[in-house]
Amino acid sequence: MKYSQITISTNTATSELVAYFLQECCMDGVSIYDRKDFDNASWDYADESATDVYGDEVLVKGYCNNEDVQSALDYLKGALCSLTDAGSLEISVEEVDGEMWLNNWKKTFRPMTIGGIVVCPRWLTPDDSQKGLPVLYLDSGTAFGTGQHETTSMCIKLIDEADVCGQEVLDVGCGSGILGLSALLKGASRAVFTDIDSQATEATLENARLNGLEDRCEIICGDLAKDVKGRFPVVFANLTADILYLLAEGIGSVTLPGGRLVLSGILNDRADKVEQAFARQGFTGIKSTTEGEWTALLLKRL
């Protein structure tokens, strides 16, 4: 199958943010190619020849179906125009073979221990040092939710503090389902997943089956306000600051009084705005954590 590869030229400081924008419109995988990373000797799976190609420029590459490329480019032009001191931000597009990019992406996805859970690609096994920990296996088609990005890893690290044990959880904008499935491994009784993208809900179902958790899952492709019924003691929403701001009322309506809410995907300079929006819906802050450019919030509904 042929895909469109979208490449954006940027710098190290802005590469994670550019990757996040690409991930919003390229659900079929995003990768960062930075010479500084290849110079790190601990990356025994890196392609050393890449250092001759990338030089001092950082390339962020996303992959999408050919029919989706124009809408992706339209979104990116609007998103990137807000960035400053971010390198050239030159965008290029070329058609590539799907198997080629998937094999390249597989090289960068290794078993990772995050918040006491091993997130492991389906085709590998955990390292000896990870034995005894709960393992969440993810299929190769779910590059848009592997735990490699700070926004996801911070959520996983907050699961214990969200008191999920024995509770029903809701994963809003579920992507690969990694947050709700991690909560199940941490003792949640049941998980409901929702996303407006059918690719995401299909990936979530596949990962639930892969881990033998499908009988404890409900997966909804649809709108949060219209299609999710009931209220939940624990809610996860790893989206973007702007989307969280718009969904504050809806997320508040599905969170039980006394319930815990984990929010992520928030740029550091927008965290206060998001927290204020949820304060108006009756939430109070418990914890704020940052990694790089990103903030995650643990809130409680009064």
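Nothing in this text is a laboratory measurement; each read-out follows from the coordinates by a stated rule. Here the structure is a predicted model, which means the values were calculated and not measured. Counting neighbours? That spans all protein chains shown, and the Cβs are built from the backbone with ideal geometry, glycine included.
Among rounded, prolate and oblate, which fits the range 122-252 when a ≥ b ≥ c are the square roots of the eigenvalues of its C-alpha gyration tensor, a/c under 1.5 means rounded, and a/b larger than b/c means prolate? Prolate is the answer for the range 122-252, as a/c is 1.5 or above and a/b outweighs b/c. Charges were assigned to the Cβ only: +1 to each Lys and Arg, -1 to each Asp and Glu. The resulting dipole of the range 128-267 about its Cα centre is roughly 340 debye.
Each Cα pair under 8 Å and six or more residues apart adds its separation to the average, and for the chain the resulting relative contact order is 14 percent.
Placing unit charges on each Cβ (+1 for Lys and Arg, -1 for Asp and Glu) gives the chain a dipole about its Cα centre, and among 265, 207, 183 the Cα reaching farthest toward its positive end belongs to 183. Computed about the Cα centre, the dipole magnitude for the range 179-235 is approximately 360 debye when only Lys and Arg (+1) and Asp and Glu (-1) carry charge, each at its Cβ.
Farthest toward the positive end of the dipole of the chain, out of 154, 125, 253, is the Cα of 253, where the dipole comes from beta carbon charges about the Cα centre.
Between residue 97 and residue 197, the modelled label-to-label distance comes to 2.6 nm, taking each label 7 Å out from Cα in the direction of the beta carbon. Per-residue ellipticity at 222 nm from helix content only, as computed over the chain with -39500 (n - 2.57) for each DSSP H run of at least four residues, stands at -9000 deg cm²/dmol.
Scattering from the chain was approximated by placing one identical point on each alpha carbon and applying the Debye formula without solvent; log10 I(q)/I(0) at 0.08, 0.12, 0.16 1/Å stands at -0.34, -0.79, -1.40. Using Cβ point charges alone (K and R +1, D and E -1), the dipole size of the chain about the Cα centre works out to roughly 1400 debye. Checked against a 24 Å cut-off, the cross-linked pairs 2/61; 131/300; 2/226; 131/157; 186/287; 186/300 give Cα-Cα distances beyond that limit for 131/300; 2/226. Counting only alpha carbon atoms, the long axis of helix 241-253 and the longest principal axis of the chain meet at about 20°. In the chain, the DSSP beta bridges split such that about 60 percent are antiparallel, to the nearest 5. Each of 198, 59, 115 was scored by the projection of its Cα onto the charge dipole of the chain, and the greatest displacement toward the positive side belongs to 115; charges sit on the C-beta of Lys, Arg, Asp and Glu.
Other residues lying with their Cβ under 13 Å from the Cβ of residue 89 contribute a combined charge of -2, Lys and Arg counting +1, Asp and Glu -1. Entry note: the range 252-302 has Rg to Rh equal to 0.97, where both radii use alpha-carbon atoms and Rh is the Kirkwood radius. Axis angle, to the nearest 10 degrees, between helix 69-80 and the longest C-alpha principal axis of the chain: 80 degrees. In plain terms, the residue of 4, 88, 253 with the fewest other Cβ atoms within 10 Å comes first and the most crowded comes last, giving 88, 253, 4.
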